[in-house]
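The values are calculated or read from the model by the stated rules, or taken from the named source; none is laboratory data. This one's a predicted model, so the numbers in the text were calculated from it and none came from an experiment. Please note: Cβ atoms are built from the backbone with ideal geometry, for glycine as well, and neighbour counts cover all protein chains shown. For the accessible areas, the whole protein counts, side chains as well, though only heavy atoms, and no ligand, DNA or RNA atoms are used. Shrake-Rupley method; radii C 1.70, N 1.55, O 1.52, S 1.80 Å.
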Amino acid sequence: MVDSGLTKTDSGSISGWFNGLLGVVIFSGSLPATRIAVLHMDPFFLTFTRASLAGILAVGLIVGFRQKRPLVSQILQLVVVSLGVVIGFPLLTAMALQHVTSAHSIVFLGLLPLTTAIFGVLRGAERPGIAFWIFSLIGSFLVMGFALSQSASVSLTGDLLMLAAVAVCGLGYAEGAKLTRVLGGWQVISWALIISLPVMLFATVVTLPESFNPMTAATWAALGYVSIFSMLIGFIFWYKGLATGGIAAVGQLQLLQPFLGLGLSATLLHETVSPMMVLSTIGVIACVIGSRKFSR
């Protein structure tokens, strides 16, 4: 019998990083798609509709696979997940994208690994080494340095909304990963969507536009993407990756998201990606190598 040389921990880490990477790839299209949608769609209606559509699909998954209801003690955690990733992040980013471009907002996602790691320590009882925090901070400072250097085109409102979005998203990621170890990845996001579904359906009806005429095929395609992939499928891989590979460690893969997102913004939206954006993003991505090495 051939020894593969991989321990159970190594195997779990590789699986975690693979699932996490798939999640990041899916999430990288979220902000460009949201930017397309808010050009002809109210950000509140977009947020409520995407959560409602994903929630209806989640009901089908839970009922179809006959999943047990979560324990009463887990409901509060699911509410936190829902407030963070189902309502908070989509709404705040949609509002921010009315003030800044998709390319500009994507760079703020470089802060997500740091906030996810912080909440991973607070909520997941993880203890990364000092070197890990050094690399995470360097990556975060690179992101903030870029934002400050863009003072000529910066929107204070848009940037503050993006910072708030990153904070609530990091909490939702960490809380969801913690629950995934007990409930499972797709179950966590499904229950979080279901918990918010009644409110989201009501809010969708309240914010229903008087006319859908301004909305193009691209608008509806963007809505479909953020509803099915960003709100549901991406989280199935992401939460599984965080749970098996470690919240702080796998969370550093989010440093790849700005790079992927900038490429999509340039390709799909024909937005200008400045050399400073590229250099900042490359520097942020480089930090994932060091933080990965010292994550445990």
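Tabulated values for the structure
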read-out: Options F259, F202, F237, F229: the member that is among the aromatic types (F, W, Y), outside any loop (DSSP other than H, G, I, E, B) and under 20 Å from L111 (Cα atoms); value: F259
read-out: Matching helices (runs of 4 or more DSSP H) fully within segment 48-159 where at least 2 residues are surrounded by fewer than 18 Cβ atoms within 10 Å (Cβ to Cβ); value: 72-81, 112-124, 130-149
read-out: Any hit, segment 111-129, residues being within 14 Å of the chain's Cα centre (by Cα) and among the polar types (S, T, N, Q); value: yes
read-out: Checking Y239 against (1) among the aromatic types (F, W, Y); (2) open to solvent by less than 10 Å² (accessible area, probe 1.4 Å); (3) farther than 30 Å from K178 by Cβ, the condition it does not meet; value: (3)
read-out: Which listed residue is of a type in the set (S, T, Y), open to solvent by less than 60 Å² (accessible area, probe 1.4 Å) and either closer than 25 Å to I134 by Cβ or assigned to a helix (DSSP H, G or I) (or both), from T219, T267; value: T219
